[in-house]
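*Asks:* Can you read through this structure? Questions will come right after.
The values are calculated or read from the model by the stated rules, or taken from the named source; none is laboratory data. Predicted, not measured: the structure shown is a model, and the values here were computed from it. We place every Cβ from the backbone using ideal geometry, glycine too, and count neighbours over all the protein chains shown.
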Amino acid sequence: MDPTAFVAELETFKAAQLAPLVGAGASSAGEARGADVPSLLKVALVNEINVSELAAAWIPTTREVDVKLAFARQVGDEASHFRLVADRLAALGLDVSAFEAPAESPLFAYMKALPTTVERVAAGLFTLESIAYGVNEAFMSYCARAGDDETVRIYREYIQPDERAHQELGQALLAKYATTPGAQAAARAVVTQVIAMATAGRAKAAASLGTACLPGC
Ligand SMILES: [Fe+2]
Ligand SMILES: [Fe+2]
């Protein structure tokens, strides 16, 4: 299939698969059964550092320079999101100096092991960043209802524009590199797998935190 048409079709496929995941946050947005904004910001902290590390891990073994640079940009952006979230937690009175990243999740282990450039772009920039953008919107609604307008502002002004840019970079790079039937099939399989694993991981976290409005990365 023509690569541009393929990416447009994959975008539609991804949006349909993402709807329940993003909708879970939106539909439970009014519940607020006990999770507080700082607890959810700690989830964001973990996600941001995990994605920064994942993109960094891919750089040395990615041959295409424009993809290398896209990952490098993402490393910096996600590190900056970590700092923004950490500063917000500090302003809310939480000490984040002792932050320790938890053990690697099955999703990140799966993504880190992806061998090809097309699979990495499909998993990270194209899919994970779409998940992040969607779930962050539900998280921002949650914060707004909780009266935390400053957290909403930080996401609106700094974090979400980057997550959207990462996602668009993913679309452009897939259109450039997913040019063969084999690469396109691999990309589609990765999109399906990442969404399935993210859905399972987020459901587990939502059950323990009492809300599905968890931020992404
Ligand atoms: Fe991101
Ligand atoms: Fe981020």
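*Asks:* Pick from Arg73, Arg83: which is surrounded by fewer than 19 Cβ atoms within 10 Å (Cβ to Cβ), outside any loop (DSSP other than H, G, I, E, B) and within 13 Å of ligand 1 (Cβ to nearest atom)?
*Replies:* On the way: Arg83 fails: within 13 Å of ligand 1 (Cβ to nearest atom).
Among Arg73, Arg83, only Arg73 is surrounded by fewer than 19 Cβ atoms within 10 Å (Cβ to Cβ), outside any loop (DSSP other than H, G, I, E, B) and within 13 Å of ligand 1 (Cβ to nearest atom).
*Asks:* May I pose another question? For Ala103, only one of the following conditions fails: (1) assigned to a loop (DSSP other than H, G, I, E, B); (2) aliphatic (A, V, I, L, M); (3) within 22 Å of Asp162 (Cβ to Cβ). What is its number?
*Replies:* Just one mismatch for Ala103, condition (3).
*Asks:* Take the residues of the stretch 188-217 that are in a loop (DSSP other than H, G, I, E, B) and under 22 Å from Val67 (Cβ atoms): which is nearest to ligand 1 (Cβ to nearest atom)? First the steps, then the outcome.
*Replies:* We begin by selecting, within the stretch 188-217, every residue in a loop (DSSP other than H, G, I, E, B); these are 210-217.
Narrowing further to those that are under 22 Å from Val67 (Cβ atoms): 216-217.
Working: Gly216: 7, Cys217: 5 Å.
If we take residues in the stretch 188-217 being in a loop (DSSP other than H, G, I, E, B) and under 22 Å from Val67 (Cβ atoms), then Cys217 is nearest to ligand 1 (Cβ to nearest atom).
*Asks:* Another question, if that's okay. Answer yes if at least one residue in the stretch 198-207 is of a type outside the set (S, T, N, Q), surrounded by fewer than 22 Cβ atoms within 10 Å (Cβ to Cβ) and within 16 Å of ligand 2 (Cβ to nearest atom), and no otherwise. Lay out the reasoning, then the answer.
*Replies:* The first filter runs over the stretch 198-207 and keeps only residues of a type outside the set (S, T, N, Q), leaving 198, 200-207.
Right, trim to surrounded by fewer than 22 Cβ atoms within 10 Å (Cβ to Cβ) and you get 198, 200-207.
Now narrow it down to the ones that are within 16 Å of ligand 2 (Cβ to nearest atom): 198, 202.
Checked against the condition, which is being of a type outside the set (S, T, N, Q), surrounded by fewer than 22 Cβ atoms within 10 Å (Cβ to Cβ) and within 16 Å of ligand 2 (Cβ to nearest atom), the stretch 198-207 yields at least one hit.
Okay, residues lined up against (1) at pLDDT 95 or above; (2) farther than 15 Å from Asn47 by Cβ:
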| residue | (1), (2) |
| --- | --- |
| Val85 | yes, no |
| Ala90 | yes, yes |
| Gly93 | no, yes |
| Ala98 | no, yes |
| Met111 | yes, no |
| Val118 | yes, yes |
| Ala122 | yes, yes |
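*Asks:* So how many residues does the stretch 60-70 have that are exposed (fewer than 15 other Cβ atoms within 10 Å of the Cβ), assigned to a helix (DSSP H, G or I) and among the charged types (D, E, K, R)?
*Replies:* Here the count works out to 1.
Okay, residues lined up against (1) in contact (Cβ under 8 Å) with a residue 24 or more places away in the chain; (2) part of a helix (DSSP H, G or I); (3) basic (Lys, Arg):
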| site | (1), (2), (3) |
| --- | --- |
| Leu107 | yes, yes, no |
| Glu119 | yes, yes, no |
| Glu137 | yes, yes, no |
| Arg156 | no, yes, yes |
| Pro161 | no, yes, no |
| Gln167 | yes, yes, no |
| Ala175 | yes, yes, no |
| Gly182 | no, yes, no |
| Ala186 | yes, yes, no |
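*Asks:* When the residues of the stretch 161-217 are narrowed to those that are basic (Lys, Arg) and at pLDDT 95 or above, which ends up farthest from Leu114 (Cα to Cα)? Show your work before the answer.
*Replies:* Keep residues of the stretch 161-217 that are basic (Lys, Arg), which gives 164, 176, 188, 202, 204.
Next, from what is left, pick out any that are at pLDDT 95 or above: 164, 176, 188.
Details: Arg164: 23, Lys176: 19, Arg188: 13 Å.
Checked the stretch 161-217; the qualifying residue farthest from Leu114 (Cα to Cα) is Arg164.
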